[in-house]
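Written below as C-alpha cells is the structure these notes are about.
The values are calculated or read from the model by the stated rules, or taken from the named source; none is laboratory data. These figures come from a predicted structure and were not determined experimentally. Quick note on the areas: whole protein, heavy atoms, side chains included, nothing else; ligands and nucleic acids left out. Shrake-Rupley method; radii C 1.70, N 1.55, O 1.52, S 1.80 Å.
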Amino acid sequence: METNLEQTWTGEDTICALATATGGAIAVIRVSGPSAISVVSTICTSCFMDSAANTIHYTRLTDGSEIIDEVMVAVFRAPRSYTGEDSVEISCHGSAYIVSRILDLLIRNGCRMAKPGEYTMRAYLNGKLDLTQAEAVADLIASTNKATHQMAMSQLRGHFSSELANLREQLLKLTSLLELELDFSDHEDLEFADRKELTELANKIDKHITKLAQSFEMGQALKKGIPVAIVGKTNVGKSTLLNRLLHDERAIVSDIHGTTRDTIEDVIDLNGITFRFIDTAGIRQTTDAIEQIGIDRTYQAIAKARIVLWLIDKQPTHEEIKEIQERCSGKSLIVIRNKIDKESDSLASCDSSFSIPHASFIRISAKQNLNIDQLQSAICQSVNIPTLSDSDVIVTSARHYQALMCAHDNLTHVIESLAQQLSGDLVAEDLRQVLADLSEITGKGQITTPEVLRNIFKNFCVGK
C-alpha cells in the first residue's frame, strides 16, 4: 500500500539513511527531522541538545552498555541545514555491520528509513531549493564529465531559476496592465497597456523561451553522450579505429570481410564531452541474411548519429559519395582516409579529386596510430558546442522542455490575439497560462501535484 505523500514528506517525522556508498573507509549517516538531535543524543555518550549549530563533536555511539563505534557528529539546526530542518550527520567507520547497527538503533529510537530523494524533497518543501535546483542535485550526482557537471552546477546555483524569474516578472507586468483594464471595463476607451508595446514584449519573451527550449537537444546529447557512427565498407578499418579511440580491444579485428555483424557501442571523454561511438557493419552487397540485418542497423545508426565518420581506403565512386551525402544531410560528416601507411603515391593525392560540401577530411592510419589526435580534435570541433561555464543555462530535463514548449504555444496565442485586437480578458487568460507553464518548472507560484513530485524524486538515491 502506497504511503500518502503528504504524510511521508511534510517533515512531521524524523528520517535516517546512509548517505555514502558502501565499502568505503568512512560512512556518513544522515538524520533529519524535528527529533533528529534528541534521537542521536539518546544513542551517544554525549548530549547535543544544547550544541551550537554547525558544530562537530567526537563521541561514542552505544547500544546500552555496548560501544558500537567512535564517531564524529555534525549538528545542524533549522533552517540552516540542507533540508531546512534540524539535522545530524554521523561519520562512522565504513563497516557494513556498524552502519546496520547504527541505523537499527536510530529506528528503534523513533526514526524511520528515508525514501529515495526524501532529503532533497524536504529541502524543496521547506523552501531551500526550487524544483529545478532539486533536480540538479540528481544531475550533479550522475555527472560523468566536465560538461554535465557544469550544466548541473549552473542549475543548482539557480541560473535557470533566475532566467525564469525574470521572464515571469515581465509576464506579470503584462498581465497586471491587462487586468487593470478589466477593472475599468465600463470605460471602453481606457487602455493601460499599449498593444504595440505588448506585442514587442511578448515576442521578446517568446524568443527567449524558444532559445531555452532549443538548448534541450544539446543538453540531452551532452547528458547521454553525443552519438558518433563509424561507417564504411567492409575491411576499411572501422573496428581498428574504434579500438584505437577507446584504447581497448573492444571490437574484433579480422581480414575476413563482414566480421562485424552488429553495432558495437562504447563511450569516451574528449575535452570534457562524452561521445558515444558506434562501430557498424561494413556496407556492401550481400546475400547473407544476418549480415544484411547488420547493414540495416548501420543505416539506423547513421540516422541517429550527430556525427558520422566515413572511413575509406580508396577512391569512392560517385554513387557512394551521393549516398553518404543523402544519409548524412544535417549531420557533421568527417571523411577519413585510413591506411595511409600503406597507400601508394598514386593514391596519396586522390583525396583532392572529390569533395563534399561542409565535410571535414582527415588522413589517418588507425593501425599505426597516425593522426588520431587530429581526428579527435576534428570530432570535438564538428559537434559545434560552445565552451560551457557554470553560468550557462542548458535545458536537460524533458519536463522542463515540455513546459517551455507549452509556454511558447500559449505565447503564440497571445501574439495572435494582440494582432487580431481581441479583448484584453482573452489575452490575459493566455498570459496567465504562460505564467502557469513557467511556474510548473520551478514549482513556485502554483501548487505542485503529488504525481509530479513522485516522478521527479523517484529515481533519486536513498540518502539524498
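Given the pairs Lys146/Lys233; Lys207/Lys304; Lys115/Lys444; Lys223/Lys331; Lys444/Lys464; Lys146/Lys322, which are separated by over 30 angstrom at their Cα positions?
Lys146/Lys233; Lys146/Lys322
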Skipping prolines and chain starts, which residues have an amide H placed within reach, meaning under 5 Å, of the one on Thr274, given they are 5 or more residues away or on another chain? Ile226
Calc'd 3J(HN,Hα), the range 365-378, phi into Karplus 6.51 cos²θ - 1.76 cosθ + 1.60 (θ = phi - 60°), Hz, glycine/Pro = x, comes to 10, 4, 5, 9, 6, 8, 6, 5, 5, 5, 5, 4, 5, 5
Heavy-atom surface of the range 1-137, accessible at 1.4 Å and reported per residue (Å²): 46 Å²
Enumerate the amide H contacts of Leu370 below 5 Å, restricted to partners 5 or more residues apart or on another chain; note that Pro and chain-start residues carry no placed amide H. Ser365
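Which number do you get for Rg(Cα) / (2.2 N^0.38 Å) in the range 83-153?
Expressed relative to 2.2 N^0.38 Å, the Cα Rg reads 1.38.
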Residue-ordered couplings for the range 407-414, obtained by feeding phi - 60° into the Karplus form 6.51 cos²θ - 1.76 cosθ + 1.60 and rounding to whole Hz (Gly and Pro as x), are 4, 4, 4, 6, 5, 4, 4, 4
